[in-house]
Amino acid sequence: MEEIREKIAKFLNTEKNEIFFTSGVRESVNIFTYSFGFENFEDGDEIILCPNDNQSTTESWYALQKLLLKQNIKIKIRELKYHYHRDYNLEKLKLLINKKLKLLF
């Protein structure tokens, strides 16, 4: 495992102690959501999510939204659905991007 960690760190040009592995997507997204969210979001910030994605990649953002609201930090989650053939309407995406956007996930 350490050899893999070293190879990934070298590839990403970082230190091996900054590389970690999780049990799956849900755990990885949860770690990122809460560590990024509590440190970076301010009142009025926005996120763009695709509600068509797997629930494990989106539900933690809605949970974070509720937790931040308890701290009087209101973030807005905007949704960008993809078409049935899994491509995005880039014109709609352009309309959603603004100065309040903190994350496109």
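Quick note: the coordinates plus some simple rules give every number you see, no bench work behind them. Everything numeric in this text was worked out from a predicted model, so none of it was measured. When we count neighbours, we look across all protein chains shown, and the Cβ atoms used for this are built from the backbone with ideal geometry, even at glycine.
Just checking, how many residues over the range 44-55 are outside any loop (DSSP other than H, G, I, E, B) and either over 13 Å from the mean Cα position of the chain (by Cα) or closer than 19 Å to L96 by Cβ (or both)?
Result for the range 44-55: 4.
Report, by residue number, each residue of the range 12-43 that is closer than 14 Å to K66 by Cα and either of a type in the set (G, A, S) or not in a helix (DSSP H, G or I) (or both).
G37, F41, E42, D43
Tell me the residue from K94, K74 that is part of a helix (DSSP H, G or I), without any contact (Cβ under 8 Å) to a residue 60 or more places away in the chain, over 17 Å from I31 (Cα atoms) and among the basic types (K, R), please.
It is K94.
Just to be sure, is T58 assigned to a loop (DSSP other than H, G, I, E, B) and not acidic (D, E)?
No: the conditions fail for T58.
Does any residue of the range 79-91 turn out to be part of a helix (DSSP H, G or I) and more than 28 Å from S23 (Cβ to Cβ)?
Yes, the range 79-91 contains at least one residue that is part of a helix (DSSP H, G or I) and more than 28 Å from S23 (Cβ to Cβ).
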